[in-house]
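Every number here is computed from the coordinates shown, using simple stated rules; none is lab data. The structure displayed is predicted, hence computed values, not measured ones. Positions of Cβ are backbone-derived with ideal geometry, glycine not excepted, and every protein chain shown enters the neighbour counts.
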Amino acid sequence: MTRVWKWNRPVTVREVLEDLQQERSIAYTTVMTVLDNLHQKGWVRREAEGRAYRYEAVSTRAAYAAALMNDAWAQSDNPAAALVAFFGMMSEEQRLALRDAVRMVQGPETSQAPSDTAGESAGENPGSAREGDGR
């Protein structure tokens, strides 16, 4: 899958083979078998091109990694503890990336100043002040 993601376009067995052979000796039939297995598992789609196929990833590498993390988290008997342990393994750079990702998922309506969120957690309605002050 790494090679298919790397090319980021439909690839032939020959292209993957030549790419892999830059690092190690590998047989055409091995690459063909692996790509066929990935197709049978639903990880790649393929389209006939002459006597060969062109293979393309069904999802991005990021989506695949996210699905793996979700599966691992779902299998935990204590998801909160699993997250705490996972966050503890992260580098500072990874934690910053996580914060950015959470902000992206939550959207602009949830990125409020800390004083605003404190009022909401106390049960205040953020719109009630506006209604009472004539705005």
Problem set entry | Cα-only Debye scattering, segment 61-107: base-10 log of I(q)/I(0) at q = 0.18, 0.28, 0.32 Å⁻¹ | -0.66, -1.18, -1.12
Problem set entry | Whole-Hz ³J(HN,Hα) from phi, Karplus 6.51 cos²θ - 1.76 cosθ + 1.60, for segment 2-13, glycine and proline x | 4, 5, 5, 5, 4, 6, 6, 6, x, 10, 9, 4
Exercise. Say R0 is 35 Å: what FRET efficiency, to the nearest 0.05, do residue 27 and residue 59 get from their beta-carbon distance?
Worked result: 0.80
Exercise. If you rank 59, 91 by fewest surrounding Cβ atoms within 10 Å, what's the result?
Worked result: 91, 59
Exercise. Under 5 Å between amide H atoms, partner at least 5 residues away or on a different chain: which partners does residue 12 have, H built in plane at 1.01 Å?
Worked result: 55
Exercise. Cβ under 15 Å from residue 25's Cβ, residue 25 left aside: what net charge do those residues give with Lys, Arg +1 and Asp, Glu -1?
Worked result: -2
